[in-house]
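Take a look at the structure below.
The values are calculated or read from the model by the stated rules, or taken from the named source; none is laboratory data. Everything numeric here is computed off the predicted structure, so don't read it as measured data. With ideal geometry, Cβ positions are generated from the backbone for all residues, glycine too; neighbour counts draw on all protein chains shown. We work out accessible area using only protein heavy atoms, side chains counted, and drop any ligands, DNA or RNA first. Shrake-Rupley method; radii C 1.70, N 1.55, O 1.52, S 1.80 Å.
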Amino acid sequence: MDMFDIKERVIVITGGYGVLGASMARCLSESGAHVVIVGRKADKGEALVAELSALGAEALFCKADVLDREALIAAREAIIAKWGRIDVLINAAGGNMPGATIMPDQSFLDIDFSAFGGVMNLNLMGTVIPTVVF
């Protein structure tokens, strides 16, 4: 077996309908992987799954927030029920929010620490929790 062959590998992508995640999902699907899109917005996730399925790919959407352990466990169970395993996890969820960045005319003292904490939590714990669950 070619170690770079991903045909029929089950690949979970958190934040999978975002710009980066969706690009990866399309590429992995074209290579024959079974792709699972995990995200909070069902309309976006289902739309991407429909797009991938129309191209002949095996895809699944699981609604879950990367900070919600119970929702991620439910997603894991749905994936295992469908394909029996998870081979790869790609953490593409994350982001920023207004107030968590400093503009050129501001100093570090101008940062909104509540927004900054939210971004840190999403980007750190939003990677750690899915890694532990999946």
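Do any residues in the range 31-58 that are under 15 Å from ILE13 (Cα atoms) have Cβ atoms under 6 Å from those of residues that are open to solvent by 60 Å² or more (accessible area, probe 1.4 Å) and part of a strand (DSSP E or B), where the two are at least six apart or on different chains, and which pairs are they?
Final answer for the pair search is ALA42/LYS63.
Which residues, counting only those in the range 56-73, are in a helix (DSSP H, G or I) and within 15 Å of the chain's Cα centre (by Cα)?
Within the range 56-73, ARG69, ALA71, LEU72, ILE73 qualify.
Right, ALA75: at pLDDT 95 or above and touching a helix residue (DSSP H, G or I) at 6+ places or on another chain (Cβ under 9 Å) or not?
Yes.
So, in the range 86-112, of the ones that are open to solvent by 90 Å² or more (accessible area, probe 1.4 Å) and not in a helix (DSSP H, G or I), which residue ends up farthest from GLY15 (Cα to Cα)?
Within the range 86-112, the first condition is being open to solvent by 90 Å² or more (accessible area, probe 1.4 Å), and the residues that meet it are 96, 98, 103-105, 108-109.
If we keep only those that are not in a helix (DSSP H, G or I) too, we end up with 96, 98, 103-105.
Working: ASN96: 13, PRO98: 19, MET103: 26, PRO104: 29, ASP105: 32 Å.
Result: ASP105.
Are any residues in the range 28-46 over 18 Å from GLY126 (Cα atoms) and out of contact with any strand residue (DSSP E or B) (no Cβ under 6 Å at 6 or more places or on another chain), and if so, which ones?
GLU30, SER31, GLY32, ASP43, LYS44
Looking only at the range 118-134, filter to residues that are touching a strand residue (DSSP E or B) at 6+ places or on another chain (Cβ under 7 Å) and β-branched (Val, Ile, Thr); which one of those is least open to solvent (accessible area, probe 1.4 Å)? It would help to see each step written out before you state the result.
So the first thing to find is which residues in the range 118-134 are touching a strand residue (DSSP E or B) at 6+ places or on another chain (Cβ under 7 Å), and the list is 127, 130-131, 134.
Now restrict to residues that are β-branched (Val, Ile, Thr): 127, 131.
Values: THR127: 48, THR131: 79 Å².
Checked the range 118-134; the qualifying residue least open to solvent (accessible area, probe 1.4 Å) is THR127.
Return the total of residues in the range 70-85 being open to solvent by 70 Å² or more (accessible area, probe 1.4 Å) and either closer than 16 Å to THR127 by Cβ or not acidic (Asp, Glu) (or both).
5
Quick check: anything in the range 3-22 acidic (Asp, Glu), within 20 Å of ARG76 (Cα to Cα) and out of contact with any Pro (no Cβ under 8 Å at 6 or more places or on another chain)?
yes
In the set ALA115, ALA50, which member is closer than 23 Å to VAL19 by Cβ, of a type in the set (A, V, I, L, M), open to solvent by 30 Å² or more (accessible area, probe 1.4 Å) and outside any loop (DSSP other than H, G, I, E, B)? Can you show your working first?
On the way: ALA115 fails: open to solvent by 30 Å² or more (accessible area, probe 1.4 Å).
None of the others qualify; the one that does is ALA50.
List pairs: first in the range 104-130 and closer than 18 Å to GLY39 by Cβ, second at pLDDT 95 or above and part of a helix (DSSP H, G or I), Cβ under 6 Å, 6+ apart or cross-chain?
ILE129/ARG69; PRO130/LEU72
Consider SER23 carefully, then state whether it is small (Gly, Ala, Ser), assigned to a helix (DSSP H, G or I), open to solvent by 10 Å² or more (accessible area, probe 1.4 Å) and touching a helix residue (DSSP H, G or I) at 6+ places or on another chain (Cβ under 6 Å).
No: the conditions fail for SER23.
Scan the range 53-69 and tell me whether some residue there is of a type outside the set (A, V, I, L, M), within 26 Å of PHE4 (Cβ to Cβ) and open to solvent by 60 Å² or more (accessible area, probe 1.4 Å).
Yes, the range 53-69 contains a residue that is of a type outside the set (A, V, I, L, M), within 26 Å of PHE4 (Cβ to Cβ) and open to solvent by 60 Å² or more (accessible area, probe 1.4 Å).
Quick one: count up the residues across the range 87-116 that are more than 18 Å from ASP68 (Cβ to Cβ) and at pLDDT 95 or above.
3
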